[in-house]
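Colleague: To start, I am sharing the structure in question, which I have written as structure tokens.
The values are calculated or read from the model by the stated rules, or taken from the named source; none is laboratory data. Remember, predicted model here, so these are calculated numbers, not experimental data. Virtual Cβ from ideal backbone geometry, glycine too; neighbours counted across all protein chains shown. We work out accessible area using only protein heavy atoms, side chains counted, and drop any ligands, DNA or RNA first. Shrake-Rupley method; radii C 1.70, N 1.55, O 1.52, S 1.80 Å.
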Amino acid sequence: MRFGLWILLMSFWLGSAMADDAELLVGKVCPVTYQQNTLGILVFSEAWYHSSRQQASYIPRDNATGIGLEIHWFANRNGELELANQAGCSRYRMLQVRTTNRRLLGDERSAQIDAPEWFVEPFYDAAPLEFGNGVHHTPQDTQDKPWSEAPKRASTLAIYDTPFVSDALGKEGQNIEVEFETCVVCQREQSYDSILSCGRWGYSREYLNENSGWAEPEFSGTECLAQPSEHYQETVNLSESFPYSYWLDWR
């Protein structure tokens, strides 16, 4: 099936699965491949804005401190575990890296895997982080979402991220910069994992002056990456919290 037609069919299926619910506003669609085979698409929503996880809307308020994004992985016939499964995956995961120039707290690093230190694995799709798979409702916490009730979604795997940086963590005289790289991982029980295609996104808050602090966030957009960047790979390999290393755990 031609890729463009498949996207249209997926869009129709998603819309049917969530009839009468808040619409998924698509911002970017990235193909996900393995050894030149297209396994599906990674869909990044339009960004919304919130004030420290309150007052969320698609139009930024003057007191906004962060953004929100829903990221959906849709496997096609080649990628579905119960169909062709050309990559031989046992499970799909999301692995995200965060890079920032803000003030760091505790053992934080400027570039690190975006998951709690006490996680056994480095993947984002685990509680208490917000995620879903198959036909699911979005997270019940709607205070940092641009909808009043949790709508239904239908995707192979999804994560919901609402990062923010308060003025207290900004460095005076500098814009606040935050960047994420989100990748689909083909996890295998009997073999090495493969980190597949990715999307890079983020936001900045312009420094205004000593009295006004920082402006509301400006979304940087999303860039599709056929494979994880060198920065991403280095960040994952050097992580002290999660020993998830190239050649030992993934190739």
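Colleague: Quick one: net charge of Trp214's neighbours, Cβ under 13 Å, K/R +1, D/E -1?
Modeller: -4
Colleague: How large is the dipole of region 49-108 about the Cα centre if only Lys and Arg carry +1 and Asp and Glu carry -1, each at its Cβ, rounded to the nearest 20 debye?
Modeller: 140 debye
Colleague: Same structure, new question: On a 0 to 90 degree scale, rounded to 10, what angle separates helix 3-17 from the longest Cα axis of the chain?
Modeller: Computed tilt is about 70 degrees.
Colleague: List the trypsin sites (Lys or Arg not before Pro) in region 116-217 that DSSP assigns to loop (not H, G, I, E or B) and whose Cβ has at most 13 other Cβ atoms within 10 Å. Which are they?
Modeller: Those that pass, being in a loop and sparsely packed, are Lys171.
Colleague: Counting helices only, and only those DSSP H runs with n ≥ 4, report the 222 nm mean residue ellipticity of the chain as the sum of -39,500 (n - 2.57) divided by its residues, in deg cm²/dmol to the nearest 500.
Modeller: -3000 deg cm²/dmol
Colleague: Please name whichever of Gln143, Ile159, Val184 sits farthest to the positive end of the charge dipole of region 60-202, dipole taken about the Cα centre and charges placed at Cβ: Lys and Arg +1, Asp and Glu -1.
Modeller: Of Gln143, Ile159, Val184, it is Val184.
Colleague: While we're here: State, as an integer percentage, the relative contact order of the chain based on alpha-carbon contacts under 8 Å between residues 6 or more apart.
Modeller: Details: 564 pairs, mean separation 52.8, N = 251.
Once divided by the residue count of the chain, the mean separation gives 21 percent.
Colleague: So, counting K/R as plus one and D/E as minus one, what does the shell of residues with Cβ under 12 Å around Phe180 add up to?
Modeller: Working: positive: Arg98, Arg200; negative: Asp114, Asp161, Glu177, Glu179, Glu181, Glu223.
Neighbourhood net charge equals -4.
Colleague: Another question about this same structure. Using 0.36 nm times the number of residues separating Ser148 and Asn211, minus their current alpha carbon distance, what extension gain do you get? Walk me through the numbers before you get to the answer.
Modeller: Details: separation 63, 0.36 × 63 = 22.68 nm, distance 3.41 nm.
Computed gain between Ser148 and Asn211 is 19.3 nm.
Colleague: Moving on to the next point. Leaving ligands and nucleic acids out of the surface, order Cys183, Cys224 by accessible area at 1.4 Å, largest first.
Modeller: On the way: Cys183 0, Cys224 50 Å².
Highest to lowest solvent-accessible surface, that is Cys224, Cys183.
Colleague: For the chain, just the Cα atoms, rotate onto the principal axes and tell me the three extents in Å, largest first.
Modeller: The Cα atoms of the chain stretch 59, 46, 29 Å along the principal axes, largest first.
Colleague: From the protein chains alone at 1.4 Å, what is the descending order of accessible area for Thr38, Thr162, largest first?
Modeller: Largest accessible area first, the residues go Thr38, Thr162.
Colleague: Placing +1 at every Lys and Arg Cβ and -1 at every Asp and Glu Cβ, with all other atoms neutral, what dipole size does the chain have around its Cα centre, in debye to the nearest 20?
Modeller: 660 debye
Colleague: With contacts defined as alpha carbon pairs under 8 Å and 6 or more residues apart, what's the relative contact order of region 31-134 in percent? Each step should come with its number before you reach the end.
Modeller: Numbers: 146 pairs, mean separation 18.8, N = 104.
Once divided by the residue count of region 31-134, the mean separation gives 18 percent.
Colleague: Now a separate question. Taking only the alpha carbons of region 14-137, what extent do you get along each of the three principal axes, in Å, biggest first?
Modeller: Taking max minus min along each principal axis of the Cα atoms, region 14-137 gives 47, 40, 26 Å.
Colleague: Expressed as a fraction of 2.2 N^0.38 Å, the rule-of-thumb size for a compact globular protein of N residues, what is the C-alpha radius of gyration of region 99-211?
Modeller: In units of the 2.2 N^0.38 Å rule of thumb, it is 1.27.
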